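The values are calculated or read from the model by the stated rules, or taken from the named source; none is laboratory data. The shown structure was predicted, so the numbers you read here are calculated from the model rather than taken from an experiment. All Cβ positions, glycine included, derive from the backbone under ideal geometry; neighbour counts span all protein chains shown.
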Amino acid sequence: MAEHERHDARRGAGTHAAGQAAAPGSEHDAMESPRGETISAWPHLFFREVLAGLLFLVVLGLLAILVDAPLEEAANPLRTPSPARAPWYFVGLQELLTYFDPWVAGVMIPLVIVIGLCAIPYFDPTRSGQGVYTVRERPLASTIFLAGLAGWLLLIVAGTWFRGPGWAWMWPWAAGVASHAAAAPARSLPNWIGVPLVLAWFAGGGLWIVRRTAHLGGFTPGRRWWFALLLLAMAGTLVKIVAKLAFGIQYFVRFPGAGLNL
């Protein structure tokens, strides 16, 4: 009987300790990181985020007071500025129109970006790195995201500072109208060359990525193929831009009757 009483007492103490550990707001209400360290989200993380937000608002308010907005002269219906730039957050899309058809630059590419962002949790279901602010836990996802963000910022920079009258390419340090040379006429590859190149890019490149990602946990073959196609689409956008700027190639594949120009 005494042995049973001691066993019940130990079990009750363990249950009480577990209840204390699970109590919201207690010092045990913390998430354990892979390194064994713990920190409570409340109040430590919450207060830091609030302070960071307040500091951002103060800096933004000071900039709004001290720095005038870069407004131009009042609109004149008799004079159209050249180039007519969109707001800075749309300049990236305007720059893409230089390299792609409008339905590709304005519809397909943003749609692929949105679908890719929504599909990330399904492509990489591992819980590694959750709640930990570090790139080392998710090197692949972090690299792809940062590369896409850098590419979009480069498009904004190119459309803001490297485009002159007629949306022709110009260097910021080149002064005078004479430096705004007209762009060379663009040319397209014959379909008998461009179609095999595009197929090889997606089929061959996809097969290579699928094999290279075979060791990643949680990646089924279907997930790896979708991941490869989205990654190749993002990299192909960069290749298309470089081909236009460096070699004057406007399209790799061109089917005007079907409205398909890539």
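Numbers for the structure displayed
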{"read-out": "Unique match (being among the hydrophobic types (A, V, I, L, M, F, W, C) and over 30 Å from Leu245 (Cα atoms)) among Leu93, Leu54, Leu111", "value": "Leu54"}
{"read-out": "Pick from the range 187-204, criterion assigned to a helix (DSSP H, G or I) and in contact with a strand residue (DSSP E or B) (Cβ under 9 Å, 6 or more places away or on another chain), ranking: nearest to Phe252 (Cα to Cα)", "value": "Gly194"}
{"read-out": "Test: residue in the range 221-240 that is over 25 Å from the mean Cα position of the chain (by Cα) and at pLDDT below 90", "value": "no"}
{"read-out": "For Thr80: the one exception among (1) outside any helix (DSSP H, G or I); (2) surrounded by 10 or more Cβ atoms within 10 Å (Cβ to Cβ); (3) β-branched (Val, Ile, Thr)", "value": "(2)"}
{"read-out": "Residues located in the range 87-103, provided they are among the hydrophobic types (A, V, I, L, M, F, W, C) and not in a helix (DSSP H, G or I)", "value": "Leu97, Phe100"}
{"read-out": "The range 228-257: number of residues that are surrounded by 19 or more Cβ atoms within 10 Å (Cβ to Cβ) and small (Gly, Ala, Ser)", "value": "1"}
{"read-out": "The range 109-134, residues that are surrounded by 15 or more Cβ atoms within 10 Å (Cβ to Cβ), at pLDDT 75 or above and not small (Gly, Ala, Ser)", "value": "Ile109, Val112, Ile113"}
{"read-out": "Single residue of Glu73, Glu137 found to be outside any helix (DSSP H, G or I), over 29 Å from Leu232 (Cβ atoms) and modelled with pLDDT under 85", "value": "Glu73"}
{"read-out": "Test: residue in the range 45-55 that is surrounded by 12 or more Cβ atoms within 10 Å (Cβ to Cβ), at pLDDT 75 or above and either in a helix (DSSP H, G or I) or touching a Phe, Trp or Tyr at 6+ places or on another chain (Cβ under 7 Å) (or both)", "value": "yes"}
{"read-out": "Tabulated pairs, the range 192-220, first of a type in the set (S, T, N, Q), second assigned to a loop (DSSP other than H, G, I, E, B) and surrounded by 11 or more Cβ atoms within 10 Å (Cβ to Cβ), C-beta under 7 angstrom, 6+ apart or interchain", "value": "Thr213/Phe219"}
{"read-out": "Residues of the range 86-108 that turn out to be of a type outside the set (Asp, Glu), touching a Lys or Arg at 6+ places or on another chain (Cβ under 8 Å) and either modelled with pLDDT under 85 or over 18 Å from Glu72 (Cα atoms) (or both), as a count", "value": "4"}
{"read-out": "Which numbered condition Ser33 misses (of (1) modelled with pLDDT under 80; (2) closer than 23 Å to Gly164 by Cβ)", "value": "(2)"}
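Per-residue answers, yes or no, for (1) out of contact with any His (no Cβ under 6 Å at 6 or more places or on another chain); (2) modelled with pLDDT of 85 or more; (3) surrounded by 15 or more Cβ atoms within 10 Å (Cβ to Cβ):
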site: Leu153; (1), (2), (3): yes, yes, no
site: Pro165; (1), (2), (3): no, no, no
site: Ala175; (1), (2), (3): yes, no, no
site: Ala178; (1), (2), (3): yes, no, no
site: Pro185; (1), (2), (3): yes, no, no
site: Pro190; (1), (2), (3): yes, yes, no
site: Val195; (1), (2), (3): yes, yes, yes
site: Ala203; (1), (2), (3): yes, yes, no
